[in-house]
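Student: Handing you a structure now.
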Amino acid sequence: MLLHVLYLIGVAAFAASGVLAAHRANMDPFGGLVLAFAASVSGGTLRDLILDRHPLYWTHDWVLLTVIACAAVATMLYLRRRELPQRSLMVVDAVGLAVVTVMGARAAVDAGVTPAAVVILAVLTGVTGEVVRDVLCGQFPPLLLREEVYATAALAGAVCYQVLHWLEAGQTLTTVAAAGIVLALRLTAVFRDLHLPRLQGVR
């Protein structure tokens, strides 16, 4: 029950981030809905395709789809009345990243894949929605590839999840600790303006 609630929170956050990105790109409401759904389900869809899980998780979960739609519409209505702070997209996106990364790790563990595959699938689940959202908005390169502490935060959370699972720390502790690490790292980077170093080479 806790995991399902957390997952709904995560996809709602990604849905809101999709609408915020569409708003900044001057898209219409339909574009906002498209980005909301793309940001919310892309990561889980890629994960399920890799794990050969059918049917895809969101195709038979009307609650999930309803939450995404409601979060998107609520964000649109809010934006009609007032402007959100400059960093709002990154903050909301950080919540989605934390929750969805952990849920990706959980699904990979349940599928019985190797520890390395658990980490990879968790990161892919967490970051794919952001990549799809940014590409649809015409942002190149996507946030993920612009010196941001983004995939790195997801990687840290995924490793934490795998280690705690191996230590049999308990599902609640494992989930909260891993999500907390992702959220803490991402928000610290956002509010302290921390970035990864650029690739340097001989010219």
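The values are calculated or read from the model by the stated rules, or taken from the named source; none is laboratory data. These figures come from a predicted structure and were not determined experimentally. Cβ sites come from the backbone with ideal geometry, for glycine too, and all protein chains shown count toward neighbours. Calculation scope for accessible area: heavy atoms of the full protein, side chains included, ligands and nucleic acids excluded. Shrake-Rupley method; radii C 1.70, N 1.55, O 1.52, S 1.80 Å.
Student: Compute the separation of the alpha-carbon centres of the stretch 1-79 and the stretch 151-175 and state it in Å as a whole number.
Tutor: Measuring centre to centre over Cα atoms gives 24 Å.
Student: Related question: Which is farthest toward the positive dipole end of the stretch 36-119 among A94, A38, A117, measuring Cα position about the Cα centre, with Cβ charges +1 (Lys, Arg) and -1 (Asp, Glu)?
Tutor: A94
Student: Can you give me the convex hull volume of the Cα atoms of the stretch 51-150, divided per residue and expressed in Å³? Working shown, then result.
Tutor: Values: hull volume 12.5 nm³, N = 100.
Roughly 125 Å³ of hull volume per residue.
Student: Let me see the P(r) profile for the stretch 7-84: every Cα-Cα distance counted, bins of 5 Å, each bin given as a percent of all pairs.
Tutor: Each 5 Å bin holds this share of Cα pairs: 3, 17, 27, 23, 15, 9, 5, 2, 1.
Student: Beta carbons within 10 angstrom, averaged per residue: use that to sort the peptides 153-159, 57-63, highest first.
Tutor: 153-159, 57-63
Student: Note the listed values (1) -0.66; (2) -0.48; (3) -0.58, then indicate which one is log10 I(q)/I(0) by the Debye sum over Cα atoms at q = 0.11 Å⁻¹ calculated from this particular structure.
Tutor: Correct label is (2).
Student: How high is the relative contact order of the chain, in percent, with contacts defined as C-alpha pairs under 8 Å that are six or more residues apart? Present the calculation step by step, with values, prior to reporting the outcome.
Tutor: Values: 293 pairs, mean separation 46.9, N = 203.
Taking the mean separation of contacting Cα pairs over the length of the chain, I get 23 percent.
Student: Contact order normalised by length for the stretch 32-94, with contacts defined as Cα pairs under 8 Å and 6 or more residues apart; what percent is it?
Tutor: Details: 21 pairs, mean separation 23.2, N = 63.
Value for the stretch 32-94: 37 percent.
Student: What whole-number value in Å² describes the accessible area per residue of the chain for a 1.4 Å probe? Numbers along the way, then the final one.
Tutor: Details: 10600 Å² over 203 residues.
Result: 52 Å² per residue.
Student: Then there is this: Packing-wise, with mean Cβ within 10 Å as the measure, how do 87-98, 10-21 rank, highest first?
Tutor: On the way: 87-98: 22.1, 10-21: 28.0.
With the highest mean Cβ count within 10 Å placed first, the list reads 10-21, 87-98.
Student: Additional query: From the square roots a ≥ b ≥ c of the eigenvalues of the alpha-carbon gyration tensor of the stretch 56-103, which class results: rounded (a/c under 1.5), prolate (a/b over b/c), or oblate? Could you put the intermediate results ahead of the total?
Tutor: Details: a/c = 4.74, a/b = 1.39, b/c = 3.41.
Taking the square roots of the gyration eigenvalues as a ≥ b ≥ c, the stretch 56-103 is oblate.
Student: Would you mind checking which residues have amide H under 5 Å from E148's amide H? H placed 1.01 Å from N; only 5 or more apart, or other chain.
Tutor: Placed amide hydrogens put L196 under 5 Å from E148.
Student: Compute the semi-axes of the equivalent ellipsoid of the stretch 127-198, taking the square root of 5 times each eigenvalue of the Cα gyration tensor, and list them largest first in whole Å. Working shown, then result.
Tutor: Values: eigenvalues 142, 38, 18 Å².
Equivalent ellipsoid of the stretch 127-198: 27, 14, 10 Å, largest first.
Student: Mean residue ellipticity at 222 nm from the helices of the chain, using -39,500 (n - 2.57) per DSSP H segment of n ≥ 4 over the full residue count, to the nearest 500 deg cm²/dmol?
Tutor: Working: 7 runs with 147 residues, N = 203.
Rounded to the nearest 500, it is -25000 deg cm²/dmol.
Student: For the stretch 1-45, how big is the tail of P(r) above 14 Å, as a whole percent of Cα pairs?
Tutor: Values: 470 of 990 pairs.
Everything past 14 Å amounts to 47 percent.
Student: With every protein chain in place, what's the accessible area of R24 (1.4 Å probe, Å², nearest 10)?
Tutor: 110 Å²
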